[in-house]
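Engineer: Shown below is the structure under consideration.
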Amino acid sequence: MSDAPPGHVGPGSPSWGVLAGGSGRLPRPLTSFVGRERELADARLLLERSCLLTLTGPGGSGKTRLCIELAASVAGDYPDGVYFVRLAPVRDPRLVLPSIAQGIGLPDSKGRPLAEHLVHHLRDRRLLIVLDNFEHLLPAASMVAELLGGARDLRIVVSSRSPLRVSGEQECPVPPLALPQQAPSPAASAGPAVACESVRLFAERAAAVVPGFAVGGQNAATVARIVCRLDGLPLAIELAAARVRLLSPEAILERLGHSLGLLTGGSRDLPDRQQTLRATIEWSYDLLGDEARKLLAACSVFRGGIGLEVVESVCARAGTGITVLDGLQELVDQSLLRQLRSAGTPRYLMLETIREFAAERLAGTPEQAARLRGAHAAAFLSMAGAAGRPLTGRGQRDWLDRLDLEHNNLRAAIDWYRQEDPPAALRMAAAMSLFWSMRGHYTEGRQRLRELLGLAPEENTVRVRALNGGAWLAIDQGDYPDADRLLCESTELSRRLNDKAGEGMAAVFLSRSLLASGQVAEAAPYPDQAFALLTEAEDRPGIALALFYRALNAQFTLNMTAACELHERCAALCAELGFASLRARALQLLGVARVDLGQLKAARAALEEGLPASVGLGDRFVIPIGLTGFAGLAAKTGKHRMALRLAGAAQAYREAYESAFPEPNRAYLDSWLAPSFKAAGSAAARLLAEGRQLTLTAALEYALTNEPEQAWRTGPGQPLTRREAEVAVLAARGLTNRDIAARLCLSVRTVEVHVDRILTKLGFRTRTQLAAWAHEKGLLAENT
């Protein structure tokens, strides 16, 4: 059985909607977009004429921001979505295609090269992809051209300091912001200068740090000279504007004149505007205290963002003595770091231009640089190792999301250990294998494990885990011969080491490989062997996995009663362990087995809990099976139109994510749907097509409603179901989704779906409106 992993599909996808926190969403800038009206119009016109538009310019010229505004302005022209892929943290050109696949929510490929898989997915879709910061990955330009050659309606916008130089590319240089034609004299009107976009940018950014700041009258001439001195470069202007908290515009101009001239004279190998930007960063750096300077250099070792706790940990490990929190605040105040909005721990982003500058400063202290890079690697090795149990236990979703957030830092750590300590790199990659599987990084995970297994040949339990992890990823991609080879070595090594847990997991994975390749009879003994070995090793998550595959074996041989008992045991053990993803899978397959046995009420209970949980975790393998179960429920209760729509939704999902559909499941579905096809007659094809167009969120809502068929489309004016009315009253009383889930014995994700649907039906946007409505209707008093 093969697992289609999670992924986040971008907005507007006709097949599957965005899960919360989708990585492909356009960023939401925290500051206003100033000027660039002409450049934006030119870029839109060029994009209409070409399939590849590259916005070029030096660092700090505003390429990324213009890309975002361009993509937002044309989003309506791309019904299949607009996606943003950050490439600045990616150092290996081989990771460009996996990054694009992840950005658009497409899991890595199974039985075909990833480029071919992407082309197949994109071929009939009209969408726009923004690739940000491509200049260090130019060897991958041909891969971008290959995608465009196979997908006629695909458009790609790239930001890069250099063009890609591939066929079909249209280069669009991003100039500096317009400058005042001449600085106004104190007696002259300041109007023309104030209206200039470079001056407007300075004024808006200065007002953000000093409320009430405005350009006009006496300071207009000074600000005009500042932006001219900075060549109209947006990043340089923003850095200078941040100084008004401490300095007047006159003092800023005086200091700029000194430091820019000094640094420009020493950087003759750089283009003029690049010298200006470096000089501006240098000047901002010179204004920092010693602690903040050291911290800025230290932060250059991170990739893809910086979390407060991890920065503190790395600096402490390296013995820097830096007071991190105060230093971070100073760097944010000086606009050298940007604090990201989030509900949890603060996170900071360093622009690539500034990171390069900071890395140069760190390189000037080689011993400190070595300690920091080693401390960075050690911190993320510890994170990967600590994630092992949570990924099969409590807090699984939180750990998956955290590893997703830190994936580029984890990659950097593995790369460092590959050079300095290959056994540690292998240990880290082995710990990452489950994450790589669940979040769809199949190709990358297999490449890294294959290479590191060769670099670290020591025979130990780490190697066993790495072999098993590589086998699991090989099964994900349908490469069963490679999986069998790895599992054969793992089994032999486990026996030599007396590693019962390793041998037991190899037996589980061999069972999965045989089931996925259709060898059901041959798979039969392995789950029992695994159960015995893992019980002896007291590996409870492993025992749960062995139970799951024992249940699957029973289900695939049509022994539904035994399958139900084993799935129930698996789900109960997973509940004790907090093993959320496996419990969700077991519940959905339990629901399918109960549908086949005619236990429809119990089947609905299992499916209503299992399917939303899998969607919430981003664990996508069983989603089409859960939808299939709901289709069977609808068919068996006479809701034939609903049954066919849900069957169409499941079919579209399997195709989009290459999710395996075992033959026994196909047999169930065919038998369940036969009456529905007969009842629908000539409308059956249309109903299947309607289901194929449902987003994931809409398909989930539809499956959970259990409403009369005429109410299948949501919208204002639709009546609430009995369950929705229960949820509405509890939400109106102020209970959280988690509280409601506990009260009604539902999953939190199920409650979230109900609340969203309730608000949609009632035409509300907030729970406050819902509470007022419930009070007006007397529902709160009646249910006290």
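Engineer: With everything on Cα atoms, drop me the angle between helix 197-209 and the longest principal axis of the chain, reported from 0 to 90° to the nearest 10.
Structural biologist: 70
Engineer: What value, in deg cm²/dmol to 500, does the helix sum -39500 (n - 2.57) over DSSP H runs of n ≥ 4 give at 222 nm once divided by the residues of the chain?
Structural biologist: Mean residue ellipticity, 222 nm, calculated: -20000 deg cm²/dmol.
Engineer: By how many nm would the segment from residue 667 to residue 38 grow when fully extended, if each residue of separation counts as 0.36 nm and the alpha-carbon distance is taken off? All intermediate terms of the calculation are to be shown ahead of the outcome.
Structural biologist: Numbers: separation 629, 0.36 × 629 = 226.44 nm, distance 5.99 nm.
Contour length minus Cα-Cα distance gives 220.5 nm.
Engineer: Residue 332 to residue 365: FRET efficiency via 1/(1 + (r/R0)^6), r the Cβ-Cβ distance, R0 22 Å, to the nearest 0.05?
Structural biologist: Values: r = 23 Å, r/R0 = 1.07.
The calculated FRET efficiency here is 0.40.
Engineer: Got the relative contact order for the stretch 390-531 handy, in percent, Cα pairs under 8 Å and 6 or more residues apart?
Structural biologist: 17
Engineer: Let me ask you something else. Per the Kirkwood definition applied to all pairs of different Cα atoms, how many angstroms is the hydrodynamic radius of the chain?
Structural biologist: Kirkwood hydrodynamic radius for the chain: 28.8 Å.
Engineer: Now a separate question. Per residue of the stretch 355-362, in order, report the coupling 6.51 cos²θ - 1.76 cosθ + 1.60 (Karplus, θ = phi - 60°) as ³J(HN,Hα) in whole Hz, putting x for Gly and Pro.
Structural biologist: Couplings: 4, 4, 4, 5, 5, 4, 5, 5 Hz.
Engineer: A further question on this structure: Residue by residue through the stretch 92-100, what is 3J(HN,Hα) from phi via Karplus (6.51 cos²θ - 1.76 cosθ + 1.60, θ = phi - 60°)? Round to whole Hz and write x for glycine and proline.
Structural biologist: 10, x, 5, 8, 5, 5, x, 5, 5
Engineer: Leaving out same-chain residues fewer than 8 places away, which lysines sit with a Cα under 18 Å from that of residue 678?
Structural biologist: 636, 639
Engineer: Then there is this: Ranked highest first by average number of other Cβ atoms within 10 Å, how do 603-616, 198-211, 508-521 line up?
Structural biologist: 603-616, 508-521, 198-211
Engineer: Taking amide H positions as placed in the peptide plane 1.01 Å from N, state which residues far from residue 347 in sequence (5 or more) or on other chains have amide H under 5 Å from it.
Structural biologist: Excluding prolines and chain starts, which carry no amide H, the hits are 340.
Engineer: At residue 538 and residue 498, where each label point lies 7 Å from the Cα along Cα→Cβ, what is the point-to-point distance in nanometres?
Structural biologist: It works out to 1.6 nm between the two label points.
Engineer: Using alpha carbons only, how many degrees (0 to 90, rounded to 10) separate the axis of helix 366-386 from the longest principal axis of the chain?
Structural biologist: 20
Engineer: Which order do peptides 568-579, 668-679 fall in by mean Cβ count within 10 Å, highest first?
Structural biologist: Output ranking for 568-579, 668-679: 568-579, 668-679.
Engineer: Can you give the angle from 0 to 90° between the axis of helix 525-536 and the longest principal axis of the chain, with both taken from C-alpha atoms, to the nearest 10?
Structural biologist: Value to nearest ten degrees: 70.
Engineer: Taking R0 as 45 Å, what's the FRET efficiency between residue 461 and residue 742 from their Cβ-Cβ distance, rounded to 0.05?
Structural biologist: 0.70
Engineer: If you don't mind, another one. With each label point set 7 Å from Cα along the Cα-Cβ vector, what nm distance links residue 674 and residue 764?
Structural biologist: About 4.7 nm, to one decimal.
Engineer: Same structure again: Taking amide H atoms as placed 1.01 Å from N in the peptide plane, list the residues 5 or more away in sequence, or in a different chain, whose amide H sits under 5 Å from that of residue 171.
Structural biologist: Those lying under 5 Å, H to H, from residue 171 are 54.
Engineer: Between residue 522 and residue 92, what FRET efficiency follows from the Cβ-Cβ distance if R0 is 56 Å, with the result rounded to 0.05?
Structural biologist: The calculated FRET efficiency here is 0.90.
Engineer: Once you keep just the Cα pairs under 8 angstrom separated by 6 or more residues, what percentage relative contact order results for the chain?
Structural biologist: Values: 1344 pairs, mean separation 85.6, N = 784.
RCO, the chain: 11 percent.
Engineer: Express in nm, to one decimal, how much length is gained between residue 772 and residue 420 on full extension, taking 0.36 nm for each residue of separation and deducting their alpha carbon distance. Can you show the working numbers first?
Structural biologist: Working: separation 352, 0.36 × 352 = 126.72 nm, distance 6.27 nm.
Full extension from residue 772 to residue 420 adds 120.4 nm.
Engineer: Sorting check: for 297-309, 768-780, which peptide has the highest mean count of neighbouring beta carbons within 10 Å, and how do the rest follow? Each step should come with its number before you reach the end.
Structural biologist: Details: 297-309: 21.2, 768-780: 14.5.
Final packing ranking: 297-309, 768-780.
We did not get these values from a lab; they are worked out from the coordinates using the rules stated. These numbers were taken from a predicted model, which means no experiment stands behind them. Cβ: placed from backbone, ideal geometry, glycine included. Neighbour counts: every protein chain shown.
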